[in-house]
Amino acid sequence: MRDDIVVFLGPTLSETQARTYLKAVYLPPVGCADVVRAVAKYAPAAIVLIDGVFGELPAVRHQEILWAIAHGVRIYGAASIGALRAAELAPQGMIGHGLIYRWYRRQAFADDADVTVPMAPAALGSRALGDALIDIRLTLKKAERAGVIDRPLRGDLEILARALHFSERSFSRLLTAAENNPGPAGQLQALKSWLKTGATSRKREDAVNLLTYLAGRKIKIPKKRAPHAFELTESFANGMEYYNMIDSLLSKGT
């Protein structure tokens, strides 16, 4: 197993599936201060952000990612919150991977909720309890290309899907909402049957592609610090819970 890579993973891909592509240190979805904890505990050459917590728990902060980059850790991101943070921090050295990352880089005002799904607690495997809007939209485009639905219906379904709150967004709820609106019942029934084998997850594909990419690479620790020097501010330290740990790491020059 590679102990030089730490991966924060959750609903996008199960740990069991992920290990078939990259044997690494796997942790539950990343939250505030988790990147700092991972650096302190594992001293990895690279950290991969795929899934993260949000809402009821504070999300991973940009500043802690910058802190890790400034201390020589390569930070990769893909699929979900990893793609979001990578798109936001690419100029500062975070490395993005995959279609979703590239989409967020091009669409400056894209909604974070497009990749968000509700998930079970970490103790229950952090499994997905819904479907991400970006996966729904890409699946509907695939269904149109396959001749299962026509373009007008695809457009109507995308509007309905966006209207659903991310915590309630799924293919099944989308179809229920569509059935309550006037529309081509025959196409909806055909779509329902087709989804059993035709549904796609770009989030999963991007995660798998990044893990596969890293499996065949040796991670080189930069000899020079990142060009964007990190300033340890009081607000950052107070928000981390682990001020003493950070201060100790900095004093040792890690």
statement: Only unsatisfied item for residue 108, checking (1) in a loop (DSSP other than H, G, I, E, B); (2) under 30 Å from residue 192 (Cα atoms); (3) hydrophobic (A, V, I, L, M, F, W, C), is (2)
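So that you can scan it fast, the table gives a plain yes or no per residue for (1) modelled with pLDDT of 95 or more; (2) closer than 25 Å to residue 124 by Cα; (3) not in a loop (DSSP other than H, G, I, E, B):
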| residue | (1), (2), (3) |
| --- | --- |
| 6 | yes, yes, yes |
| 37 | no, yes, yes |
| 60 | no, yes, no |
| 67 | no, no, yes |
| 85 | yes, no, yes |
| 101 | yes, no, yes |
query: Would segment 36-51 turn up any residue that is without any contact (Cβ under 8 Å) to a residue 24 or more places away in the chain and out of contact with any helix residue (DSSP H, G or I) (no Cβ under 6 Å at 6 or more places or on another chain)?
result: yes
task: Being among the small types (Gly, Ala, Ser) and open to solvent by 70 Å² or more (accessible area, probe 1.4 Å) is the filter here, so list the residues in segment 174-205 that pass it.
output: 185
task: Starting from residues that are small (Gly, Ala, Ser), open to solvent by 20 Å² or more (accessible area, probe 1.4 Å) and more than 17 Å from the chain's Cα centre (by Cα), keep the ones in segment 113-166 and report whichever is nearest to residue 189 (Cα to Cα).
output: 147
task: Could you look through segment 18-46, keep only residues that are touching a Lys or Arg at 6+ places or on another chain (Cβ under 6 Å) and surrounded by 19 or more Cβ atoms within 10 Å (Cβ to Cβ), and pick out the one that is nearest to residue 68 (Cα to Cα)?
output: 46
message: For residue 97, only one of the following conditions fails: (1) over 13 Å from the mean Cα position of the chain (by Cα); (2) farther than 27 Å from residue 172 by Cβ. What is its number?
response: (1)
- line: residue 95: passes all of (1) in contact with a Phe, Trp or Tyr (Cβ under 9 Å, 6 or more places away or on another chain); (2) open to solvent by 30 Å² or more (accessible area, probe 1.4 Å); (3) under 23 Å from residue 107 (Cα atoms); (4) modelled with pLDDT under 95 but (4)
Residue in segment 167-186 that is farthest from residue 139 (Cα to Cα), counting only those that are under 23 Å from the mean Cα position of the chain (by Cα) and of a type in the set (A, V, I, L, M, F, W, C): 174
- prompt: Restricting attention to segment 176-214, which residues are in a helix (DSSP H, G or I) and among the hydroxyl-bearing types (Ser, Thr, Tyr)?
  reply: 176, 193, 197, 212, 213
statement: By residue number, the members of segment 47-67 that are over 15 Å from the mean Cα position of the chain (by Cα) and either buried (at least 22 other Cβ atoms within 10 Å of the Cβ) or of a type in the set (Asp, Glu) (or both) are 56, 64, 66, 67
Hits in segment 69-83 - residues which are in a loop (DSSP other than H, G, I, E, B) and not hydrophobic (A, V, I, L, M, F, W, C): 71, 72, 80
field: Any pair with Cβ under 6 angstrom, 6 or more apart, that starts in segment 164-177 at a residue that is within 15 Å of residue 119 (Cα to Cα) and in contact (Cβ under 8 Å) with a residue 24 or more places away in the chain and ends at one that is open to solvent by less than 30 Å² (accessible area, probe 1.4 Å) and part of a helix (DSSP H, G or I)
entry: 166/113
message: Looking at segment 43-57, can you tell me whether even one residue there is at pLDDT 95 or above, closer than 18 Å to residue 217 by Cβ and in contact with a Ser or Thr (Cβ under 7 Å, 6 or more places away or on another chain)?
response: yes
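The values are calculated or read from the model by the stated rules, or taken from the named source; none is laboratory data. Just so you know, these numbers come straight off a predicted model, no measurement behind them. Neighbour counts run over all protein chains shown; Cβ positions are idealised from the backbone, glycine included. Ligands, DNA and RNA are stripped out before the accessible areas are found, and what is left, the full protein with its side chains, is counted by its heavy atoms. Shrake-Rupley method; radii C 1.70, N 1.55, O 1.52, S 1.80 Å.
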